[in-house]
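Read the structure below first, then the notes.
The values are calculated or read from the model by the stated rules, or taken from the named source; none is laboratory data. Keep in mind the model is a prediction, meaning the values are calculated, not measured. Neighbour counts are summed over all protein chains in view; Cβ atoms, including those assigned to glycine, are modelled from backbone coordinates with ideal geometry. Surface accessibility is based on the protein's heavy atoms, side chains included, excluding ligands, DNA and RNA. Shrake-Rupley method; radii C 1.70, N 1.55, O 1.52, S 1.80 Å.
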Amino acid sequence: MIEGFEYTKVEVGPTAYRPGVAGEGSPVLLLHGFPQTHYCWHRVAPGLAETHAVVVCDLKGYGESRSVPGGPLGEGYSNRERAAEFVELVARLGFERFSVIGHDRGGRVAYRMALDHPDVVDRLGVFNIVPTSEQFARMAKGAALEYWPWFFLAQPPPFAERVISASAEYVLRDILESWPASPDAISPEATEHYLRGFTAETIPGMCADYRASFHIDRQMDAEDRDAGRRIGCPVLVHWGSEEGALSDSLEVWGRWADSVEGGPLPSGHFIPEEAPGELLASLREFLGAQP
């Protein structure tokens, strides 16, 4: 799907994944967000593969990563469960340690991976997010309208699935046009790709993702915060300069990690496609030439 990447099939637990791999060097796992697929990295991954072994893959329940349905509270799709599956998947590909970079929902799986598997994650990148518990706290202060998927998709099944599926193309196109800084930032080719992955077959997995955030993930975050657990590896934080609600991201992540760097990039929500050159340069500097 991304030019230059070789795809294979890997089954981990109940999930059938189709990861793509390219390049040589220190390994890096790239994870996408809602409502996209791993194709969101198509402007970044080939360049990064010039200096690193890059793994791309759809999140559980998204795109071609098919799995069993989630439970009524999103069981099976929590960040902890998905992170554990990805650790095993990357090990099956031959990489015992790796860096993980996540945008949006993928960033939530990525930082959970760094918390739960510190012996595996070398470096962490999180884009356009703050930790889940922090996100819920700030939405309670009046920003809920901008973050409607958090509450709508978390409704008990099958309400959200049926409503979204009834107007799937309208919903997806509205997100891809209204969340970037410019409505034409996502190319027609990429939009068509995401449409093929936004169907009645995958939407339940996306809803399970958000249900798990509401019922499971934020409690995990609270437990970590109360226990004083922190992310020990270096952390790269980016957010779109047009997303003013995230301007305090470095301060927030500083409460969760020992070493944090980064800043805004000229973008709206979809950094990998709106600011690919700037993001690639930042990733190359952050990841360096590790053995």
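Determine the per residue accessible area of the chain with all protein chains present and a 1.4 angstrom probe, expressed in square angstrom. Please report the intermediate quantities before stating the final value.
Values: 11620 Å² over 291 residues.
In whole numbers, the chain has 40 Å² accessible per residue.
For a Förster distance of 35 Å, can you work out the FRET efficiency between the beta-carbons of R225 and E201, rounded to the nearest 0.05? If you can, show how the numbers build up before the last one.
Working: r = 36 Å, r/R0 = 1.03.
About 0.45, to the nearest 0.05.
Percent antiparallel among DSSP beta bridges with both residues in segment 1-85, to the nearest 5?
Values: 9 of 13 bridges.
Antiparallel: roughly 70 percent of the beta bridges in segment 1-85.
In whole angstrom, note down how far apart the Cα centers of segment 105-138 and segment 170-203 are.
24 Å
Match the structure shown to one of the listed values (1) 34, 22, 18; (2) 24, 22, 20; (3) 56, 18, 15 of semi-axes √(5λ) of the Cα gyration tensor in Å, computed from it, and give that label.
Evaluating semi-axes √(5λ) of the Cα gyration tensor in Å on these atoms matches (2).
For segment 104-261, give the percent of accessible area contributed by carbon and sulfur heavy atoms, probe 1.4 Å, rounded to a whole number. Present the calculation step by step, with values, prior to reporting the outcome.
On the way: 3500 of 6790 Å².
After summing per-atom areas, the C and S share lands at 51 percent.
So for the pair A137, K9, with labels modelled 7 Å out along Cα→Cβ, what separation do we get in nm?
For A137 paired with K9, the spin-label model returns 4.5 nm.
Ranking request for peptides 27-36, 252-261, 186-195, 50-59: highest mean number of other beta-carbon atoms within 10 Å first, then the rest in descending order. Intermediate results must be reported in sequence, preceding the final value.
Working: 27-36: 25.4, 252-261: 17.0, 186-195: 15.0, 50-59: 23.7.
Per-residue Cβ counts within 10 Å, averaged per peptide and sorted highest first, yield 27-36, 50-59, 252-261, 186-195.
I need the calculated FRET efficiency for the pair F151 and R80, taking r as the beta carbon distance and R₀ as 25 Å, to the nearest 0.05.
So, using R0 = 25 Å, E works out to roughly 0.70.
Any chance you could run the full-extension gain for Y170 through R255? It's 0.36 nm times the residue separation minus the Cα-Cα distance, nm to one decimal. Working shown, then result.
Details: separation 85, 0.36 × 85 = 30.60 nm, distance 3.84 nm.
Separation in residues times 0.36 nm, less the Cα-Cα distance, equals 26.8 nm.
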